[in-house]
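Encoded as structure tokens, the structure appears first; notes follow it.
The values are calculated or read from the model by the stated rules, or taken from the named source; none is laboratory data. Note that the structure is a prediction, hence the values are computed from the model and not measured. Cβ atoms come from the backbone with ideal geometry, glycine included; neighbour counts cover every protein chain shown.
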Amino acid sequence: MKLNTDMAVTRIADEVWEIPPSEKPGMLVPARIYATERILETMDRGVFDQVTNVACLPGIRRYALCMPDGHWGYGFPIGGVAAFDTGEGVISPGGVGYDVNCGMRLIRTDLALADVQPRLEPLMTELFRKVPAGVGSTGFVRVTRREFEDVMRKGARWCVEKGYGWHEDLARIEESGCIAGADPSKVSDHAVERGINQLGTLGSGNHYLEVQVVSSDRIFDPQVAATLGITGHDQIVVMVHCGSRGFGHQVASDYLKVFEKAMRRYGITVRDQQLACAPFRSPEGQDYFAAMNCAANSAFANRQVITHQIREAFAAVFGKSAEELGMHLVYDVAHNIAKVERYPEGELVVHRKGSTRAFGPGRPELPEIYRATGQPVICGGSMETGSYLLVGTERAMQETFGSTMHGSGRTMSRAQAKRSVRGEQLQRDMRQRGILVKAVSMSGLAEEAGFAYKNISDVVETVDRAGITKKVAELRPIGNIKG
Amino acid sequence: MPFSFRFLEDVALADVAFEATGDSPSEVFQAAAQAMIETLADPQTVVAARCLTITREDEDLAALLFDWLSEIVYVKDAQGVVFREAVPVVRQEHGRWRLDATLVGAPVDPAAQELRADVKGVTKHLYELKQDGTRWTARVVLDI
């Protein structure tokens, strides 16, 4: 087996690999990577370097983890999970990611492919009109500074109070769409000014809104699927991937600067500037946590406003209310976040960067409707290949701090993807294959071509076989909106 | 040699990296800004509808360049504009570096402009500003 590292990597289970602390000076715990042999061979050098750098951070517990969709990131690898003792450990913006609470949302419908196919063109046009995407896009929700502070504190709850959602939506969002401890006074004016007009916008890069179909033969657990509202029979669902936009990025950038100085004061050294961190209980650590929670809540609000617009678009095109169309939220999960959670080791601040919470059945944090199934996990693939709905497991609680993968993971640079295909050509090819794409930027579209990503099915099979999440259904794209 | 920039591949798989060069601090600041501007939109499609002035100071030139590029991202989001060109003037005063710049651009208009990637921020990954003789070179990775 040829790996992109000189470090010793030992197989400790079929889909679990370990790098012992002896492989790098300063490692406090082993690093563990979830992957098949084939996926491990394709992982870039950054994954091995970065996951072992994370294992050196103060107060880390058990392992520094990387999921099978892992690839190089800033400081922490994408697909990284690390848990730190809240007393002795640190918090790091590099372990959360710049796009705080970037996440996935899935909305079900009672519509079937046969209902939607004849009206797909007007539907995608209406969605493209109602959900702004791309550089500099602004949303239809206009808020004052004071109202934006309410958004920071209340997240999706603010939206429901204002009529942008249904009360039942809240139970189907991680943390009910409102994380406690958000303090707008810890957020800079720059961050507010970047975010105040962006509620209800997709952004660009790998963010998207996708209309998908669920065939009965691609449902792997019909009983769990039914509980989640997924019935198959070419059922139409809608997936949204986006986060806190410029607001969250500015929060991360602001606190990276603060932490660079704080590290000197606390005598912390790191192997990479992008791993800048501060003790979780320090004033700087608590300030970042409060500001990060503001950004996380704004991301929940962003996806909630987008959901409102999606429901309006469907209602306009199909001439029925969203309620009549059965447009219930399946779930909304964050995949860039740090949260305080309790494990046998005690209270830990769990960083998930390009990793999804995957709590198993019975956890009190889960809404009543999903307490028996385990938490829904939404994993987005490339716009050409499809996505998956999974559920969390007890094994994830034991092995990965209740965490799993988030998507397929990139394998090709944006420039190389653009050289390989033109956006206009890709759009035509996809239309011929039954996927209607609306994009603000044709070069941006080319950058997101399916061949630039790992095969999501390989990644999903890995976490399913490892037992840290179980497959429920595969979702195939028929319409996509990109920035 | 005038200022120039080139995009770097395989430095940041999911993002955009570039190297900017110039014969003076002003030129390397202009080259880096132009790389940022071209990442956001084709400047040929952006009219000169707005002109903004930016002034910054720092004792560290690399930190000043980082702030300058971050400011362009901030203005893009806060004012909803993309850019045609940037004209920075950088000089040293009393041991500190001072930037006086103008940013020329227009409100985002997808119908008229060729929009590209929405830069979310400037990162410190492999970030570098160095001087070799009279030639200045900056390496920058943008988060997309």
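Below is a table of values for the structure above.
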read-out: Residue tally, condition assigned to a loop (DSSP other than H, G, I, E, B), modelled with pLDDT of 95 or more and among the β-branched types (V, I, T), over the stretch B:1-28; value: 0
read-out: Residue list for the stretch A:372-413, filter: within 14 Å of chain B (Cβ to nearest Cβ) and more than 22 Å from A:G103 (Cβ to Cβ); value: A:T411, A:M412, A:S413
read-out: Flag for B:W136 being touching a helix residue (DSSP H, G or I) at 6+ places or on another chain (Cβ under 6 Å), surrounded by fewer than 22 Cβ atoms within 10 Å (Cβ to Cβ) and either more than 8 Å from chain A (Cβ to nearest Cβ) or not in a strand (DSSP E or B) (or both); value: no
read-out: Conditions (1) buried (at least 23 other Cβ atoms within 10 Å of the Cβ); (2) in a strand (DSSP E or B); (3) within 10 Å of chain A (Cβ to nearest Cβ): number failed by B:K76; value: (2)
read-out: Pairs with Cβ under 9 Å, 6+ apart, first in the stretch A:178-195 and facing chain B (nearest Cβ under 10 Å) and without any contact (Cβ under 8 Å) to a residue 60 or more places away in the chain, second crowded, with 16+ Cβ neighbours inside 10 Å and hydroxyl-bearing (S, T, Y); value: A:E193/B:Y74; A:R194/B:Y74
read-out: Residue satisfying condition, being farther than 28 Å from A:K418 by Cα, assigned to a strand (DSSP E or B) and in contact with a strand residue (DSSP E or B) (Cβ under 7 Å, 6 or more places away or on another chain), within set B:R84, B:R98; value: B:R98
read-out: Failed criterion for A:E447 (all others in (1) modelled with pLDDT of 95 or more; (2) buried (at least 24 other Cβ atoms within 10 Å of the Cβ); (3) within 14 Å of chain B (Cβ to nearest Cβ) hold); value: (1)
read-out: Qualifying residues in the stretch A:231-264 (those that are out of contact with any strand residue (DSSP E or B) (no Cβ under 9 Å at 6 or more places or on another chain) and farther than 27 Å from A:L209 by Cα) - the one surrounded by the fewest Cβ atoms within 10 Å (Cβ to Cβ); value: A:R264
read-out: Residue under evaluation B:L142, criteria (1) assigned to a strand (DSSP E or B); (2) within 14 Å of chain A (Cβ to nearest Cβ); (3) more than 13 Å from the chain's Cα centre (by Cα); (4) not β-branched (V, I, T), criterion not met; value: (3)
read-out: Those residues of the stretch B:101-119 which are within 14 Å of another protein chain (Cβ to nearest Cβ) and either assigned to a helix (DSSP H, G or I) or among the polar types (S, T, N, Q) (or both), in sequence order; value: B:Q113
read-out: Within the stretch A:1-66, strands (runs of 3 or more DSSP E) holding 1 or more residues that are crowded, with 18+ Cβ neighbours inside 10 Å and among the charged types (D, E, K, R); value: A:31-34
read-out: Boolean, B:E57 is out of contact with any Ser or Thr (no Cβ under 9 Å at 6 or more places or on another chain) and surrounded by fewer than 19 Cβ atoms within 10 Å (Cβ to Cβ); value: yes
read-out: Pairs with Cβ under 8 Å, 6+ apart, first in the stretch A:119-137 and farther than 15 Å from A:I236 by Cβ and within 14 Å of chain B (Cβ to nearest Cβ), second of a type in the set (S, T, N, Q) and assigned to a helix (DSSP H, G or I); value: A:V131/A:Q309
read-out: Scan of the stretch B:12-26 for residues that are more than 21 Å from A:H207 (Cα to Cα) and within 14 Å of another protein chain (Cβ to nearest Cβ), ordered by number; value: B:F18, B:E19
read-out: Segments classed as helices (runs of 4 or more DSSP H), wholly inside the stretch A:149-228, with at least 3 members that are farther than 24 Å from A:L390 by Cβ; value: A:156-161, A:189-195
read-out: Filter result (assigned to a helix (DSSP H, G or I) and farther than 23 Å from B:A17 by Cβ) within the stretch A:412-435; value: A:E424, A:Q425, A:L426, A:Q427, A:R428, A:D429, A:M430, A:R431, A:Q432
read-out: Unique match (being closer than 27 Å to A:V237 by Cα and at pLDDT 95 or above) among A:G103, A:G95, A:G59, A:G80; value: A:G103
read-out: From B:E71, B:E128, residue being buried (at least 16 other Cβ atoms within 10 Å of the Cβ), in contact (Cβ under 8 Å) with a residue 12 or more places away in the chain and within 14 Å of chain A (Cβ to nearest Cβ); value: B:E71
read-out: Candidate set from the stretch A:107-118 (those that are in contact (Cβ under 8 Å) with a residue 24 or more places away in the chain and either over 13 Å from A:I310 (Cα atoms) or touching a Phe, Trp or Tyr at 6+ places or on another chain (Cβ under 6 Å) (or both)); member that is nearest to the other protein chains (Cβ to nearest Cβ); value: A:V116
